[in-house]
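Undergrad: Submitted below is the structure of interest, expressed as structure tokens.
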Amino acid sequence: MPPVAYLLVGRSAATFGQRGQEVSHVASRLRLTLLGVGAMNSPRYAPAGLLLRHGRRSVAFDAGPGADPPPRLDGWLVTDERAELRSALRRTAADRDVPLRMGDLDLGDVRIRACPVVHTSHPACGYRIELDGMVAVWAPEFWTFPAWAAGADLMFAEAAGWDRRIRFRGGVGGHAHVQEIGPEAVRHRVRRLVYAHIGRPCLRAMDAGRRPEWGEWGREGRTYTLPSAGAGVPEQTAGRPTPADSPSDTGGESAGDKAGPAAEEEVVHIHAEDDADAPPPGE
């Protein structure tokens, strides 16, 4: 078993405390929903994108046609201002009257920092998202594993390649592959790794029944929750390491399936839940 530990906690937030305490806890959590998990021109998934929600504030990251965020946003951040989808993204952002940009953003207690990645010949980045000691990382494209992701509680990562790197023409960067990203995540003490930019080589691996040795496939519509410190979450206790895309996590669905009706909420330090249990985006 790879040396990745998922820390189990008690029941989900909605199962303890009075109603007022539940509402306070929900408001203090950072909710991260995958809008899409596909690499460019994926035949199966919408473009990789993330929606961050904290209380009544929300921010989108990347995304594209078929992975549109809700109408009301407090910001829309991209990892590559020259990406192929930039024109479509700009039109959608203009319709929402929100600027599309690459850079830092402070959203109340949530601190979002653009951090450089090695990917192509022009500047590109990923994002380190911090709330009260908890850290999430959005880094859907890179050639070299970003050292600034070290110690993240949750990382959404590149998965364009399965077991071979994809090098851009002219040797100006490209995409790392899943078989190298997993061990690097372990080495950098990433607590949970989710592949969120799934390319055709990984689709072929999925269809052949193969799974990453480290980490899990992202699922469109799945929400991951980071509780902030002091939010009423029970004391953490060590649990048996379990791949988060095992039947106990997905209700028995295959790794490539869409999120179906919500089963009992996964109970982990960074716990995933089907979006059917989440409040409507932008609420």
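The values are calculated or read from the model by the stated rules, or taken from the named source; none is laboratory data. None of the values given here were measured: they were computed from a predicted structure. Using ideal geometry, Cβ is built from the backbone for each residue, glycine included, and neighbour counts are taken over all protein chains shown. For the accessible areas, the whole protein counts, side chains as well, though only heavy atoms, and no ligand, DNA or RNA atoms are used. Shrake-Rupley method; radii C 1.70, N 1.55, O 1.52, S 1.80 Å.
Undergrad: Using only C-alpha positions, report the orientation-averaged shadow area of the convex hull of the range 161-229, nm², one decimal.
TA: Result: a mean projected hull area of 6.3 nm².
Undergrad: Still on this structure: Does anything in the range 140-161 have its amide N under 15 Å from the 7 Å Cα→Cβ label point of Met40, and if so which residues?
TA: The answer is 140-143, 159-161, whose backbone nitrogens lie closer than 15 Å to the label point.
Undergrad: Please give me, ordered by residue number, the GluC sites (Glu not before Pro) of the range 146-224 that lie in loop per DSSP and have at most 14 other Cβ atoms within 10 Å.
TA: Passing sites in the range 146-224 are Glu213.
Undergrad: Sequence-distant or interchain residues sharing an amide H contact under 5 Å with Ile198, placed H: which?
TA: Distant-sequence amide H within range of Ile198: Gly38, Ala39.
Undergrad: To continue, here is another question. Hey, with R₀ at 41 Å, roughly what FRET efficiency would Asp132 and Arg169 work out to, going by the Cβ-Cβ distance, to 0.05?
TA: Using R0 = 41 Å, I get an efficiency of 0.40.
Undergrad: After finding the eigenvalues of the alpha carbon gyration tensor for the range 35-150, what semi-axes result from the square roots of 5 times each, listed largest first in whole Å?
TA: They are 20, 19, 13 Å, listed from largest to smallest.
Undergrad: Pull out the extension gain between Asp106 and Val186, defined as 0.36 nm times the separation in residues minus the alpha carbon to alpha carbon distance; nm, one decimal.
TA: So the chain would gain 25.9 nm between Asp106 and Val186.
Undergrad: Measuring with a 1.4 Å probe in the full set of protein chains, what accessible area per residue, in whole Å², belongs to the range 39-146?
TA: Accessible area per residue: 43 Å².
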